[in-house]
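Participant: Starting off with a structure, shown below.
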Amino acid sequence: MIRPSTTLLLHDKFGRRISDLRISITDRCNYKCVYCRTGNEGALYGDLAFTDYLRMARVLVGMGITKVRLTGGEPLLRKGVVEFVRELSQLRASDGSKDGDPLDIALTTNGHLLAELAQPLKGAGLTRVTVSMDAVDPDRFARITRVPGGYDRVLAGIRAARRAGLWPLKVNCVLMRGFNEDQVIPFGMFAREEGVVVRFIEFMPLEEDRVWSPETVVRLEEILARMAEYRPLVEIPHARSETARRYRFDDGIGEIGIIAPVSHPFCGHCSRIRITCDGKIRTCLFSVWDHDLYAEMRRGASDEEMAEFIRGVVAKKEERHHIGEPDFVPASRTMVHIGG
Ligand code: SF4
């Protein structure tokens, strides 16, 4: 692999180093969560062959990407995902000063298929997994996902991931007023009992039917106030590019995080770009543009030409989102078609 000199590492015009790549490998999903798939869009864009994603990833790793996260829709619906992780794990990261480090490969899933796949994914080279779960009450879980009987499967998936050694094991809960704001304390207990890191996410306007409003957002301060009714928290220092603010319970048992893009944006240290399931680059969750990397491949672009295309796209990366501002323009895709 060509070692990228530090000057060739991917930076945007604000000087932010781009080191995190998220690849959506499908926009199909077996859940219909109320804060995401509010409409009946279903899968729209279709999936590419894993060899296409692998080539894109290889070129980007050569430009200094050190973390790759697989997303969807629901990525575990894709047959061959374990093999794809194995292929990815052969790539070596380089930050320009040294190379040869294994890539940090993560996956975000709704957990419905995780119990069977946790061990094979770990064996293939997956480092860690994040499970999206929005209630620790089976009935409420069914009401939010609109899929009966999913709760037990997801819990079994979380426990299988722990046994497999996928670590750290995070559980992401999107809080939406009127649906699950009362799940804060139960999730605090869950984090302590199951030994997982529960992260609460402020609801963002990326759902199908545009039902988002500022009132539907349960903000960081309210989450902390609710949890403090249960047990005191101590803030844990965190890296600037980390999206979550981290807290440990006062007795040291259990950790939670809060991802607060609405009330405490973290765009200033954004290190992410995304590839959609149909091979488009998105430089921000809230982009109104897609940049067709797959079309470059199809027209016969070399790796160097792809790298130049990517560099040109990243030079246009948005400075930040404008959620809740008068000039806010909704993203050109909804979350299920971007991949989180
Ligand atoms: S909103 Fe866009 S710029 Fe801000 S952190 Fe998310 S992806 Fe980065």
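The values are calculated or read from the model by the stated rules, or taken from the named source; none is laboratory data. Predicted model, so just to flag it, every value in this text is computed and none were measured. We place every Cβ from the backbone using ideal geometry, glycine too, and count neighbours over all the protein chains shown. The protein model used for the area step is the full one, side chains on, heavy atoms only, and it has no ligands, DNA or RNA in it. Shrake-Rupley method; radii C 1.70, N 1.55, O 1.52, S 1.80 Å.
Participant: State whether the residues of the stretch 84-101 include one that is touching a residue at least 40 places away in the same chain (Cβ under 8 Å) and closer than 26 Å to Cys36 by Cβ.
Facilitator: So the first thing to find is which residues in the stretch 84-101 are touching a residue at least 40 places away in the same chain (Cβ under 8 Å), and the list is 84-85, 91-92, 94-97, 99.
Adding the requirement that they be closer than 26 Å to Cys36 by Cβ leaves 84-85.
Yes; the residues of the stretch 84-101 include at least one that is touching a residue at least 40 places away in the same chain (Cβ under 8 Å) and closer than 26 Å to Cys36 by Cβ.
Participant: Condition test on Arg231, is it open to solvent by 60 Å² or more (accessible area, probe 1.4 Å) and outside any loop (DSSP other than H, G, I, E, B)?
Facilitator: No.
Participant: Report, by residue number, each residue of the stretch 284-302 that is of a type outside the set (A, V, I, L, M), open to solvent by less than 50 Å² (accessible area, probe 1.4 Å), within 16 Å of the ligand (Cβ to nearest atom) and not in a strand (DSSP E or B).
Facilitator: Hits for the stretch 284-302 are Cys284, Phe286, Ser287.
Participant: Is the stretch 236-244 home to any residue that is more than 16 Å from the ligand (Cβ to nearest atom) and either in contact (Cβ under 8 Å) with a residue 60 or more places away in the chain or touching a Phe, Trp or Tyr at 6+ places or on another chain (Cβ under 7 Å) (or both)?
Facilitator: yes
Participant: Any residue at all in the stretch 248-263 that is within 15 Å of the ligand (Cβ to nearest atom), surrounded by fewer than 19 Cβ atoms within 10 Å (Cβ to Cβ), free of Cβ contacts under 8 Å to residues at least 60 places away in the same chain and within 28 Å of Tyr35 (Cα to Cα)?
Facilitator: no
Participant: Among the strands (runs of 3 or more DSSP E) confined wholly to the stretch 41-132, which include 2 or more residues that are open to solvent by less than 10 Å² (accessible area, probe 1.4 Å)?
Facilitator: On the way: elements: 67-71, 92-94, 99-102, 104-109, 128-132.
Result: 67-71, 92-94, 104-109, 128-132.
Participant: Given the criterion closer than 19 Å to Met133 by Cβ, touching a residue at least 60 places away in the same chain (Cβ under 8 Å), open to solvent by 10 Å² or more (accessible area, probe 1.4 Å) and among the hydrophobic types (A, V, I, L, M, F, W, C), identify the matching residue among Met204, Met189. Break it down stepwise before answering.
Facilitator: Values: Met189 fails: touching a residue at least 60 places away in the same chain (Cβ under 8 Å).
None of the others qualify; the one that does is Met204.
Participant: When you scan the stretch 160-180, how many residues do you find that are more than 20 Å from the chain's Cα centre (by Cα) and under 18 Å from His112 (Cα atoms)?
Facilitator: The qualifying residues number 3.
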